Amino acid sequence: MAIDDINKKILKCLQDNARLSNAEIGRRVGISSPAVSERIKKLEDAEVIEAFTTVISPFEVGYQFKAIVTLRAFMGMLKPFLEKVKTYDEVVNCYRITGNENIVMEVILKNQKHLESFIDQLISYGETKTQIVLSHVVKHSEIKPIR
């Protein structure tokens, strides 16, 4: 799908605030509300827009910290882990990566005991390394379409 300048402006508006009305987006980009609606629908159909979502602060709902956990899977354990990881409530992002480790996960945890329990669940799949996240430096950075 071609991402013209108007589509880029619409995407920017949605990334800044996905709750903007089509009328407000139209005012900002210089087209009508129905035209905005049609363009958004086409962007969704082309999977340029993957989802509209609400971002919840884990700290405000009771989680005390985030951690980055990497896993180097034991021989024959990667595929079973790839299925199992989908069931962990603690995992907010999981990536299969290249390099010495196979997996990197962003996890949210209630406390240190919760971390210990979570790591105990992982050790049958492979070797883990854990880093505690101190703060976000870049959070949900805007994705700019390639020119």
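Each reported figure results from applying straightforward, stated rules to the coordinates on display, with no laboratory input. A quick note: this is a predicted structure, and the numbers were derived from the prediction, not measured. Counting neighbours? That spans all protein chains shown, and the Cβs are built from the backbone with ideal geometry, glycine included.
At a glance:
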| item | result |
| --- | --- |
| Stretchable slack from residue 27 to residue 100, in nm (0.36 nm times residue separation minus alpha-carbon distance) | 21.3 nm |
| All Cα pairs of the chain, percent lying beyond 19 Å | 63 |
| Debye-sum result for region 5-45 in log10 I(q)/I(0), which assumes one identical scatterer on each alpha carbon, at q = 0.23, 0.32 Å⁻¹ | -0.64, -1.27 |
| Gain on full stretching of the segment that runs from residue 74 to residue 112 - 0.36 nm per residue minus C-alpha separation | 11.1 nm |
| Cα-projected label distance for residue 35 with residue 124, points at 7 Å along beta-carbon direction, nm | 5.9 |
| Cut-off under 5 Å, modelled amide H: who pairs with residue 49 long-range | 44 |
| C-alpha long axis of helix 5-16 to longest principal axis of the chain, angle in ° | 50 |
| Burial ranking of peptide ranges 109-119, 86-96 (average Cβ count within 10 Å, highest at the top) | 109-119, 86-96 |
| Cα-based equivalent ellipsoid, region 65-132: semi-axes from gyration tensor eigenvalues, Å | 18, 12, 11 |
| Helix 112-122 axis, angle to the chain major axis (alpha carbon atoms, nearest 10°) | 80 |
| Cut-off 15 Å (backbone N to label point 7 Å along Cα→Cβ of residue 20), residues of region 112-146 | 142-145 |
